[in-house]
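Single-structure report; data block below.
The values are calculated or read from the model by the stated rules, or taken from the named source; none is laboratory data. Since we're looking at a predicted model, the values are computed, not measured. Cβ placement follows ideal geometry from the backbone for every residue including glycine, while neighbour counts extend to all protein chains displayed. When the accessible area is computed, the model is the full protein with side chains, heavy atoms only, and any ligands, DNA or RNA have been set aside. Shrake-Rupley method; radii C 1.70, N 1.55, O 1.52, S 1.80 Å.
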Amino acid sequence: IEIRNLTSNRIAGSQKKPVSLKLNKGEKLVILGSSGSGKSTILDILMGLVAVDGDKVLYNGKCINYLNLQSVYKQIAYLPQVAPLVNGTVRENMLSGINVNYDDKLFNDLLVLMGFTFANDEIDHSFLDRSVGDRGKNLSGGQRQRVQLLNTLITNKKTLILDEATSALDENMEKKVMKYILDQKDLTVVAVTHKNTLSPLFNKVINLKK
């Protein structure tokens, strides 16, 4: 993934210092900045949701403007801060859009990681069978994010883009989940956060300053 000399009036400081980055397979990038600094704008541009002129965004050396975005999305898992839930059970949301032949061991490992267990690490199946309600109203913000994170991680995509996707988790759970994600050697990660405490976990940092 590469961004070349990107400027936008929606990205803080980019008019004076254009944003450039090159991310190889397995590298982990965090984009820091206060609210309104343009962190999410960079992700929208990376995802092709906001068009830019010229060869500013490249995947494997090819300009995103000339790529079939559906082929790009097959390689990328994107998770925003508030992701929609389907009106069904917790389990159905965890496995939404997942092939029936998913990795059962990975699923169980992720359940333990996300804390969907009793004190002895036994899976809480009664919770998995709970209805999430309309737009997830039966779950807390942290529970919704953990369900969506599990659903995202079980896809085994090559690139993960997170937009404040752990913001509702408590500090211990957030660090635990992020450490798991960043320990995946072949997974390329681009994450947005306003928490400077997470930046030491990444090997590349962009700090947007107004």
- prompt: Of the conditions (1) open to solvent by 20 Å² or more (accessible area, probe 1.4 Å); (2) over 24 Å from Q145 (Cα atoms), I3 fails just one. Which one is it?
  reply: (1)
S14 being modelled with pLDDT under 95 and under 14 Å from H194 (Cα atoms): no
query: Among the residues of the range 68-83, which ones are assigned to a loop (DSSP other than H, G, I, E, B) and touching a Gly at 6+ places or on another chain (Cβ under 8 Å)?
result: none
statement: Quick count over the range 38-67, residues being over 20 Å from L79 (Cβ atoms) and outside any helix (DSSP H, G or I), is 12
query: So which residues in the range 1-60 are in contact with a helix residue (DSSP H, G or I) (Cβ under 7 Å, 6 or more places away or on another chain), on the phi > 0 side of the Ramachandran plot and free of Cβ contacts under 8 Å to residues at least 40 places away in the same chain, if there are any at all?
result: G48
- request: Only residues that are in contact with a strand residue (DSSP E or B) (Cβ under 6 Å, 6 or more places away or on another chain) and open to solvent by 10 Å² or more (accessible area, probe 1.4 Å): list them for the range 165-186, please.
  value: L182
- prompt: Restricting attention to the range 89-135, which residues are in contact with a strand residue (DSSP E or B) (Cβ under 7 Å, 6 or more places away or on another chain), among the polar types (S, T, N, Q) and not in a helix (DSSP H, G or I)?
  reply: T89, T117, S131
- prompt: Is it true that some residue in the range 7-17 is in contact with a Pro (Cβ under 6 Å, 6 or more places away or on another chain), surrounded by fewer than 20 Cβ atoms within 10 Å (Cβ to Cβ) and not basic (K, R)?
  reply: yes
query: Among all residue pairs at least 6 apart or on different chains, which show Cβ distances below 6 Å where the first residue, located in the range 108-126, is within 17 Å of L149 (Cα to Cα) and the second is open to solvent by less than 90 Å² (accessible area, probe 1.4 Å) and among the basic types (K, R)?
result: M114/R146
Looking only at the range 151-164, and only at residues there that are of a type in the set (D, E, K, R) and under 9 Å from the mean Cα position of the chain (by Cα), the one that is surrounded by the fewest Cβ atoms within 10 Å (Cβ to Cβ): E164
field: Checking N68 against (1) surrounded by fewer than 13 Cβ atoms within 10 Å (Cβ to Cβ); (2) more than 30 Å from Y180 (Cα to Cα); (3) among the polar types (S, T, N, Q); (4) in contact with a strand residue (DSSP E or B) (Cβ under 9 Å, 6 or more places away or on another chain), the condition it does not meet
entry: (4)
